[in-house]
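Written out below as structure tokens is the structure these notes cover.
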């Protein structure tokens, strides 16, 4: 039985935490990140640093071409919202939504898993803080897992079935931070901001920064990150 | 109700036929092809020619990075089998299998569909001639359709549900060819060979050429393609 796992590593707080969780369960980690034209490229350099720091077996950064299609604040010029309260954040699909993003990310993870003959994929989705994203919901993950069981050689040949691990699904940001700290995650290496300045410093006012800061506050911890 | 459709266009015989079927149903077609490091690049230039010839609204060729993972005869140096009989072709997963290929292709099609606010995707999968590929089976397509309904903004907002059209699913190659000819498809523009020569001529002996040639023969038609 392979103890390999694919971990989707964005370079953010959540994905660094799931990497630590996978390692704590004795998986050898194959990490995968995506360059999809995001404005906050600093995230990818942090993903590289985290992958090295946490001693993964391999780390691939996959170039995906979503810019050809457009329609997303993360990849084009729509203004990233700031200072929104929790109700505003969760009441609608965020403008930072990227079409079919987690479907594409998980598809690549599935291909990678198949090549590495590994049946475990970790993804840091969360149904509490990201309730606005359709592809972060438990029913989406369950549907992908079902698809994966039908999609691969292994599924035809009756060997290992793909399991999608979502250890953060029902945790609050504060719980995620506490869990990560207990596993020794260095959150100074993680990047969360949708709208960093030129040298990569976090803005402190976009949805993602606000969720992060509130999470540290509720956890009774200090965010080690520098803000503008 | 949008009459837009996304068509997955490989440049092969099957995908040219589904493009013609989508047009015959009065869809405005947005075609998408994938450069995944296939050895038979001529397929992509044929996709471009077919897209122009059949007057699609847009055609995107998406670069996908499966070479990073390896493990496929279409993308690396494993020898493509030749002269296999039908039993040999269908009794095992073909060595030309690409990991999670249709999962990735459909994920991009889903993103494209979302951007174009379109709920119809056409894919030329076939359960008869390609029974060796897990991701060509009806249960795989049904699972993807279910996933798509959970994955997108439209699914959350209660608007159009994604429909994956697989008009070729239960047709023999001969039936596909007859259907395409009745719709005016010019099969001279299509490419099927896994192992073309330097100037793009089909080999006539790989699985894909043999299926194609037998299909024309059974349809009582002459393949307009030139072979080595």
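Which of the residues spanning segment B:121-148 are at pLDDT 85 or above and over 20 Å from residue B:11 (Cα atoms)? Within segment B:121-148, B:137, B:138, B:139, B:140, B:141, B:142, B:143, B:144, B:145, B:146, B:147, B:148 qualify.
Residues are listed down the side, and each one gets a yes or a no for (1) buried (at least 16 other Cβ atoms within 10 Å of the Cβ); (2) touching a residue at least 24 places away in the same chain (Cβ under 8 Å); (3) in a loop (DSSP other than H, G, I, E, B):
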| residue | (1), (2), (3) |
| --- | --- |
| A:161 | no, yes, yes |
| A:171 | yes, yes, yes |
| A:176 | yes, yes, no |
| A:180 | yes, yes, no |
| A:184 | no, yes, yes |
| A:193 | yes, yes, yes |
| A:197 | no, yes, yes |
| A:204 | yes, yes, yes |
| A:211 | yes, yes, no |
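Out of curiosity, is residue A:32 crowded, with 19+ Cβ neighbours inside 10 Å and either at pLDDT below 80 or touching a strand residue (DSSP E or B) at 6+ places or on another chain (Cβ under 7 Å) (or both)? Yes; evaluated as a whole, the condition is true for this residue. When B:90, B:72, B:107 are screened for being within 11 Å of chain A (Cβ to nearest Cβ), at negative phi and modelled with pLDDT under 65, only B:72 passes.
Of the set (1) over 23 Å from residue B:39 (Cβ atoms); (2) surrounded by fewer than 21 Cβ atoms within 10 Å (Cβ to Cβ), all apply to residue B:188 but (1).
Every residue, every condition in (1) within 25 Å of residue A:214 (Cα to Cα); (2) part of a loop (DSSP other than H, G, I, E, B); (3) modelled with pLDDT under 95, yes or no:
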{"position": "A:2", "(1), (2), (3)": "no, yes, yes"}
{"position": "A:19", "(1), (2), (3)": "yes, no, no"}
{"position": "A:79", "(1), (2), (3)": "yes, yes, yes"}
{"position": "A:84", "(1), (2), (3)": "yes, yes, yes"}
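Criterion applied to A:50, A:62 was being at pLDDT below 95 and not in a loop (DSSP other than H, G, I, E, B), and the one residue passing it is A:62.
The values are calculated or read from the model by the stated rules, or taken from the named source; none is laboratory data. Values in this document were obtained by computation on a predicted structure and should not be read as measured data. Using ideal geometry, Cβ is built from the backbone for each residue, glycine included, and neighbour counts are taken over all protein chains shown.
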